[in-house]
Every structure is written in C-alpha cells, then in structure tokens.
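What follows is calculated from the coordinates using simple rules that are stated; it is not laboratory data. Just so it is clear, the structure is predicted and the values come from calculations on it, not from any experiment. Neighbour counts run over all protein chains shown; Cβ positions are idealised from the backbone, glycine included.
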Amino acid sequence: MRRALCWLCLAVLELPALLMGRSKQIEAIDRDCDSLHELFREATPLRFSGPSPWMELDEEQRADPGYAVALVYTAGPRIRWVLLQLADDVDRWTENVDYCFSDDGTIARRTRQFDSRQANTELNEVIYYAGHRVLKEKVHHRPLNGGREDNSKIDDPGAPVYWTVNELPFPFPDLWEGVATLEGCPELRGSIEAGMMGRWILQAGRESIARANAERKMRPQFCS
C-alpha cells in the first residue's frame, strides 16, 4: 500500500513537468508551421485534382466541378505543406485541410475547417503530432451564419491522416527519385535544393539533375 502511494505521489509530482514539456512541443510546432506558411505565401505550389485518380494540373488548368484540389508546397525535394480543398454542392459543405510536415517528412500538425451550410455549422479541428502519435487535439464549432446549429444535418466526411509524406497519394514525377540519388553527395544536392526552392519546374528540374549527375561522374572526388 505504501509503495503504491509513493508511485502515486511521484506521478502527481511529474505531471506538471510532462504537461509543460508537451506545451513547449506544441508551441514549437506552431512556430515552425506558421513560419512555413509565411515562407510559402508567395510561392506557386504543385496542383493536383482528384481523387479518382489524382492528376497534376497545369498552372492555368482548373479542376473539374466536384473534384478535390490539393496544393503541394516544397522546400527543395522535401514536401513541407499540403492544402487539401474539398466541396460538395449537393450536401452544401466545404472542407479545407492543412497538413504541415516536419523536415524529416513526418506529420507535425493537421488543421481542418469544415463548413456545412445545411447544418449552419463551422467546425474547426487542430491536431498536433510527434513520433507517429497524437500530442493534442483541439475541436470546436460555432454557427456558420448566426442563428442555431442543426447537428442532425451534419454530414462530416472527415479527412485522411498522412503520417509521412510517403503516404501522400499524389503522382509526383520521377524528379524526386533523381534527387534522392544525390543523397551521397551533399555538395550537389545542396545546390539543387537551393535552386529549386518552392515550385519545381519539372523539365528544368530534370535537366538540372542530368547535369548534376554528369558533373558527379566527372568529379568523383566530391562524393565518397
């Protein structure tokens, strides 16, 4: 009994420290994700329409009515921010899902706003992640246009969780595989990342990789 009480006392004493540590993690995630949003504010993303199947859109091409749109922002070869936009004119709802990924490719924060005109509801959800687990989840809702909400009319489609960028369903070009081959040569890889910040222009990217690989063969002393 005495031992059990000791363990309980220790748990009570450690709880504030654990909560403070989690709070600092969440603050760091918010800081990193918000800085990414600011960084990409003027960037042009890769655009996809889907999901059956997901296809890349040209800059001037519009998605067909009823299809979802995904905006993908990259820092060099790394995907850091994905914005998923969905709508249903029949059930009268829209949904925006914001995925913020860490530098190692794992999900850090997912923000979702679901608006149902039929139910007169705005639902906001923020989930924080660390090490493939949920750190914290915040959900609240309010009337969309004043008046009262009618939860009986909510048809919430939910939203997928992509634990890593490797789980994203979008058809990325073979450009990514080309960049991955340069992992053993940081000098060349760094120069490519610096030159392709933000929007990856596919043809130019492929040409850059070809030149880099050719230069790599010519100067093997750069890579061991």
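A few comments on the model shown:
- Computing FRET efficiency as 1/(1 + (r/R0)^6) for T94 and K24, where r is the C-beta to C-beta distance and R0 is 35 Å, gives about 0.55.
- Ranked by the mean number of other Cβ atoms within 10 Å of their residues, highest first, the peptides 163-171, 106-114 come out as 106-114, 163-171.
- Summarising the amide proton neighbourhood of T121: residues at separation of 5 or more, or on other chains, whose placed amide H is nearer than 5 Å comprise S116, L144.
- Difference of contour (0.36 nm per residue) and Cα-Cα distance, D32 to T164: 45.8 nm
- Listed values for the range 46-53 are Karplus-derived 3J(HN,Hα) couplings in whole Hz (6.51 cos²θ - 1.76 cosθ + 1.60, θ = phi - 60°), namely 6, 10, 10, 10, x, x, 10, x, and x replaces Gly and Pro.
- Here the relative contact order of the range 17-167, from alpha carbon pairs under 8 Å that lie six or more residues apart, stands at 15 percent.
- Virtual spin-label span in nm between D156 and Q85, 7 Å along Cα→Cβ: 2.4
- The simple spin-label model puts a point 7 Å past each Cα toward its Cβ; for A43 and H132 those points are separated by 2.6 nm.
- Listing K138, K153 from fewest to most neighbouring C-beta atoms within 10 Å gives K138, K153.
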